[in-house]
Amino acid sequence: MSCFARFSVRAHSVNQPEECLTRPTDNNGLGIGIPGTERHTRFLERYHTVLPDSELTYAEWRQLVPIHQVIGTNMHDDYLVAAMKAHGLSQILTLDTGDFGHDIQSVDPRSL
């Protein structure tokens, strides 16, 4: 899943921006150091609503896993989909449009 997807919702957990920003570029991250990550995270927190995780998110996720036969790292993506559904969100901005084929409309930022 691309970092853009995680920034769009930030519902899974508070470490999502840090995880994507610091992850190496050859592993679908941005390769930014800790000081840069702190600046980016403060910016995101200032201009975006941080959505809380909830029991509803977990319940949505538990329904998605058997329905879509989710395994391995795709469970992380489906948890994000569950969080979006729990918060009434239906679109995600991501470079990995194939990761969110069910229940959520993926929008590639390059198409805007």
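The values are calculated or read from the model by the stated rules, or taken from the named source; none is laboratory data. Quantities reported herein were computed from a predicted structural model and do not represent experimental measurements. When we count neighbours, we look across all protein chains shown, and the Cβ atoms used for this are built from the backbone with ideal geometry, even at glycine.
Laid out as a table, the results:
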{"read-out": "Pair list, Cβ < 7 Å and 6+ apart or interchain, from segment 75-88 residues that are closer than 11 Å to residue 103 by Cα to residues that are in a helix (DSSP H, G or I) and modelled with pLDDT under 85", "value": "78/68; 81/100; 84/9"}
{"read-out": "Residues located in segment 89-105, provided they are of a type in the set (S, T, N, Q), buried (at least 16 other Cβ atoms within 10 Å of the Cβ) and without any contact (Cβ under 8 Å) to a residue 24 or more places away in the chain", "value": "97"}
{"read-out": "Filtered residues of segment 32-56 (kept if surrounded by 13 or more Cβ atoms within 10 Å (Cβ to Cβ), hydroxyl-bearing (Ser, Thr, Tyr) and part of a loop (DSSP other than H, G, I, E, B))", "value": "54"}
{"read-out": "Scope segment 8-36; condition farther than 22 Å from residue 106 by Cβ and modelled with pLDDT of 65 or more; matching residues", "value": "18, 22, 24, 26, 31, 32, 33, 34, 35, 36"}
{"read-out": "Whichever residue in segment 63-112 is in a strand (DSSP E or B) and touching a Phe, Trp or Tyr at 6+ places or on another chain (Cβ under 7 Å) and, among such residues, is modelled with the lowest pLDDT", "value": "93"}
